[in-house]
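For reference, the structure is listed below as structure tokens.
The values are calculated or read from the model by the stated rules, or taken from the named source; none is laboratory data. This one's a predicted model, so the numbers in the text were calculated from it and none came from an experiment. Every residue, glycine as well, gets a Cβ built from its backbone with ideal geometry; the counts of neighbours run over all protein chains shown. SASA here: full protein model, heavy atoms, side chains in, ligands and nucleic acids out. Shrake-Rupley method; radii C 1.70, N 1.55, O 1.52, S 1.80 Å.
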Amino acid sequence: MKSKLKTINDYIQSIPGNRKTLFLKLWDTIKNNMPEEFEERLSFGMPGFVVPESIFPDGYHCNKNEPLPFLSLADHKNYISLYHMVLYMDDKLFQWFVNEYSKISKKKLGIGKSYIRFTDEKDIPFDLIEELMKKMDAHTYIKLYLKQINSRRK
């Protein structure tokens, strides 16, 4: 089913109750630390950041009409997911995040290849998320993305 939400504000306003405050706090942490070349946009039905077409006109290989996604944030019934594409592509960055998280939290990190799942406000490492946002610029991300795509085609 296609979402009727058209803007990031629509998405945020649709979040129920007290989770909206938590979502906004996490969104602001991301937004305030995102490198300037990324563009804020509702992408694939979620608030996120993309590589604008002015920097990478080729678009996303899964849908050439969409800009290359970089990060999305989604509210779910029982958790918030942060989808960070570089965590999927860069094992070094993935391991860095897992190791740093283990230094600040005793709780098991809910993490997959491109997502981090947060079920409790106490477990959101805002300072670590802030640092993660500063670790990748759009041009380096494009190189990683193209390397990943080209390796699949071989």
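Measuring nothing but how far apart in sequence close Cα pairs (under 8 Å, 6+ apart) lie, relative to its length, the stretch 36-145 scores a relative contact order of 20 percent. Summarising the amide proton neighbourhood of Asn33: residues at separation of 5 or more, or on other chains, whose placed amide H is nearer than 5 Å comprise an empty set. Using only the Cα atoms of the chain, build the gyration tensor, take square roots of its eigenvalues as a ≥ b ≥ c, and label the shape rounded, prolate or oblate: rounded if a/c is under 1.5, else prolate if a/b is larger than b/c, else oblate. Verdict is oblate for the chain. The accessible surface of the stretch 6-136, taken with every protein chain in place and a 1.4 Å probe, is 47 percent carbon and sulfur. Legend: P(r) of the stretch 76-154 from all alpha carbon pair distances, 5 Å bins from 0, whole percents, reading 3, 13, 24, 24, 16, 10, 7, 2, 0. For Asp28, the solvent-accessible surface computed with a 1.4 Å probe is close to 70 Å², ligands and nucleic acids excluded. Database remark: amide H of Gly59 closer than 5 angstrom to the amide H of Leu68 (H placed geometrically; neighbours at sequence offset of 5 or more, or on other chains; Pro and chain starts carry no H). FRET efficiency for the pair Thr7 and Thr119, taken as 1/(1 + (r/R0)^6) with r the Cβ-Cβ distance and R0 = 35 Å, rounds to 0.85.
Listed values for the stretch 120-137 are Karplus-derived 3J(HN,Hα) couplings in whole Hz (6.51 cos²θ - 1.76 cosθ + 1.60, θ = phi - 60°), namely 9, 3, 5, 9, 8, x, 4, 5, 5, 4, 4, 5, 4, 4, 8, 8, 8, 9, and x replaces Gly and Pro. Looking only at the stretch 129-150, which residues have a backbone nitrogen under 11 Å from a spot 7 Å from the Cα of Ile104 in the C-beta direction? Residues 129-133 fall inside that zone. Per residue, the accessible area of the chain comes to 58 Å² when a 1.4 Å probe rolls over the protein heavy atoms. Excluding same-chain neighbours fewer than eight residues apart, the lysines reachable from Lys77 by a Cα-Cα span under 16 Å are Lys20.
Counting only protein heavy atoms and using a 1.4 Å probe, the accessible area of Arg41 comes to about 70 Å².
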